[in-house]
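*Asks:* Dropping the structure in here first, questions after.
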Amino acid sequence: MKLSYLYYKMIRGILRLCFPHSSTIYEEQPDSEPAVFVCNHAAIRGPVMMTLDFRRKHQTWTVSCALDSHAAVNYAFHDIFCGNSRRCKWFWRMLSHIVAKGLPPLLLYSETIPVYHNKSIVKTFKQSITALTHGDDLVIFAESPKRYSNYINELQPGFVDIARLYYRRTHRAIRFYPVYVEKKNAVILVGDPIAYDPDEPLDEQRGTIAAYLRDSIDRLAATLPKHKPIPFLSDRWYRAYGSYEDDAPGYWKMIEENR
């Protein structure tokens, strides 16, 4: 057995101890057709809870730089540790090197699809369509830095393009489900879906579908007993990187270039 796989199992076991088993509650029970589940991020809670407890067979979109031990250094420094807001940056750089060694094998065994922030995004869509046509769902964390409510940020709508590509391959209209995950209540709430309409222009549907999912996630969160919302990005991030709140592409360009 590979050492990297043993490491993955160990970290998964530790996370299992830290996260209670979550129940998945559907407003509309999905059928057996593959679908796209768009979730709130809630720092690391969203990805961890979906990996541990979402029982439908799925693959998860993950930023490509987290899957490369070299690129992951800068990703960890800025995105995980908000390094620009810290003193003793040498310490956080050192810690980022350690984290960067552990991220790729952990994500590799978690059924992930790398998401690129350049022309290589074509690879992301190709792998996604392959996954869907083989019967796997997609789990996507599409929040942008732009704040919307206490529960959810604005969604980057580019993921909606999957629908047209999937329709061209299969002649089936895929459904997008809103998902709100919350650790305290140990729940994965899945709302009513919205379906791609092949007869409507894709340019119009990007905004419509993204807005429906954003508002549905916000609504689902409000149905839960009182809990403290965990934002996608911390206040520390906004203090250090606030200029990127409306410029997600610029933020990822900074991460990729400042290695």
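The values are calculated or read from the model by the stated rules, or taken from the named source; none is laboratory data. Because the structure is a prediction, the values reported are computed rather than measured. For neighbour counting, all protein chains shown are included, and Cβ atoms are generated from backbone atoms with ideal geometry for every residue, glycine included. Heavy atoms of the whole protein, side chains included, go into the accessibility calculation; ligands, DNA and RNA do not. Shrake-Rupley method; radii C 1.70, N 1.55, O 1.52, S 1.80 Å.
*Asks:* How compact and how long is the chain, expressed as Rg and Dmax of its alpha-carbon atoms in Å?
*Replies:* Cα only, the chain: 18.0, 56 Å (Rg, Dmax).
*Asks:* Setting aside same-chain residues fewer than 8 positions from residue 101, which lysines have a Cα under 25 Å from its Cα?
*Replies:* Within reach: 2, 9, 89, 123, 253.
*Asks:* Output the relative contact order of region 100-207, whole-number percent, from Cα pairs under 8 angstrom with separation of 6+ residues.
*Replies:* Reported relative contact order: 16 percent.
*Asks:* What residue among 29, 59, 156 has the largest mean-square fluctuation in a Gaussian network model of the chain, using Cα springs under 10 Å?
*Replies:* Top of the fluctuation ranking is 29.
*Asks:* Which of the peptides 249-256, 87-94 is most tightly packed, and how do the rest follow, going by the mean number of other Cβ atoms within 10 Å of each residue?
*Replies:* 249-256, 87-94
*Asks:* So for the chain, averaging the separation of alpha carbon pairs under 8 Å that are six or more residues apart and normalising by length, what relative contact order in percent results?
*Replies:* Taking the mean separation of contacting Cα pairs over the length of the chain, I get 29 percent.
*Asks:* Probe radius 1.4 Å, ligands and nucleic acids ignored: give me the carbon and sulfur share of the accessible area of the chain as a rounded percent.
*Replies:* 54 percent
*Asks:* Right, next: In region 39-72, which trypsin sites (Lys or Arg not before Pro) are in a loop and have at most 10 other Cβ atoms within 10 Å, using DSSP for the loop call?
*Replies:* Of the trypsin sites (Lys or Arg not before Pro), the ones in loops of region 39-72 whose Cβ has at most 10 other Cβ atoms within 10 Å are 55.
*Asks:* On to the next question. Would you mind telling me which residue in 58, 97, 171 has the biggest mean-square fluctuation in a Gaussian network model of the chain, where springs connect alpha carbons within a distance under 10 angstrom?
*Replies:* Highest fluctuation of the listed residues: 171.
*Asks:* In addition: For helix 121-133, report the angle its Cα long axis makes with the longest principal axis of the Cα atoms of the chain; keep it between 0 and 90° and round to the nearest 10°.
*Replies:* 50 degrees
*Asks:* Specify the angular offset, from 0 to 90 degrees and rounded to the nearest 10, of the alpha carbon long axis of helix 248-257 from the longest principal axis of the alpha carbons in the chain.
*Replies:* The helix 248-257 is inclined about 40 degrees to the chain.
*Asks:* Next question, about the same structure. Among 232, 19, 176, which one shows the biggest mean-square fluctuation in a GNM of the chain, springs joining Cα atoms closer than 10 Å?
*Replies:* Between 232, 19, 176, it is 19 that shows the largest mean-square fluctuation.
*Asks:* OK, next. So how tilted is helix 3-18 from the main axis of the chain? Cα-based, degrees 0 to 90, rounded to 10.
*Replies:* Once rounded, the angle reads 80 degrees.
*Asks:* Using a 10 Å cut-off on Cβ atoms, rank the peptides 190-202, 207-219 from the highest mean neighbour count down.
*Replies:* Sorting 190-202, 207-219 by mean packing, highest first, produces 207-219, 190-202.
*Asks:* A further question follows. Would you mind working out the accessible area per residue for the chain, using a 1.4 Å probe, and quoting it in Å²?
*Replies:* With the other protein chains kept in place, the chain gives 51 Å² per residue.
*Asks:* Also, quick follow-up: Quick one: of the DSSP bridges fully inside the chain, what percent are antiparallel, nearest 5?
*Replies:* Counting only bridges with both partners in the chain, antiparallel ones make up about 30 percent.
*Asks:* Let me ask something else about it. Counting only helical runs of four or more DSSP H residues, what would the 222 nm mean residue ellipticity of the chain come to if each run contributes -39,500 (n - 2.57) and the total is spread over all its residues?
*Replies:* Dividing the helical sum by the residues of the chain leaves -13500 deg cm²/dmol.
*Asks:* Can you put 128, 64, 32 in order of accessible area, largest first, using a 1.4 Å probe?
*Replies:* So the residues, ranked largest to smallest area, are 32, 64, 128.
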